[in-house]
Amino acid sequence: MIIHDVQTAIRNEEMMKAALIKALNEDLAGEYQAMLMYVTYAASVTGPHRLVLRQFFLAEVPEELAHAQFLADKITSLGGQPLTEPRSVPMATSPREMLASVLAAELQAIADYKQRTEQAHEFGDKGLSAHLETIIEEETSHYEETEKILRGWAQ
């Protein structure tokens, strides 16, 4: 009976780890998307606010890269393989559309990371859970700054 319980516990832990790796890879795809989105939008933004928005977009790239590197490292630490495919970058032709796409991506990232924090906690990885809380703070800050820009944007 004890051996069976131990084997079941090991199987459950392996299933939880596999699910966590899969979800972290989905988050990694989102970070790749964010980097590509910010670089693409910085290059293609036009209009009277081009210089300010270009800097706004480019300023986010290093933080998104740090998130991606953390996720890739954690995935390999758990025995997984980091994926290399980003989520698709929404096409946007106007600065307002670009900002709206950024807002949606940040909101998605916040929701994803909240779920991942719970998964990490259930898996028993307190370090991962704590680091994900920090990422949530950073993504929330991005969201709030973008929302403030959009709030004052003329239709």
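List of remarks:
- Helices meeting the span-like rule in the chain (full DSSP H runs, Cα extent of at least 20 Å along the helix axis, mean Kyte-Doolittle score of -0.5 or higher): 2-44, 50-77, 95-123.
- Sorting Met35, Met16 from the fewest to the most surrounding beta carbons within 10 angstrom yields Met16, Met35.
- For Lys148, the lysines whose Cα falls under 30 Å of its own Cα, not counting residues fewer than eight places away in the same chain, are Lys114.
- Working note: 222 nm ellipticity from helices only, DSSP H runs with n ≥ 4, each -39,500 (n - 2.57), summed and divided by the residues of the chain, gives -29500 deg cm²/dmol to the nearest 500.
- Residue order, fewest to most beta carbons within 10 Å, for Val102, Val39: Val39, Val102
Where a number appears in this text, it was derived from the coordinates with a stated rule and is not lab data. Model, not experiment: these values are computed from the prediction. Cβ coordinates were reconstructed from backbone atoms using ideal geometry, including for glycine residues, and neighbour counts include every protein chain displayed.
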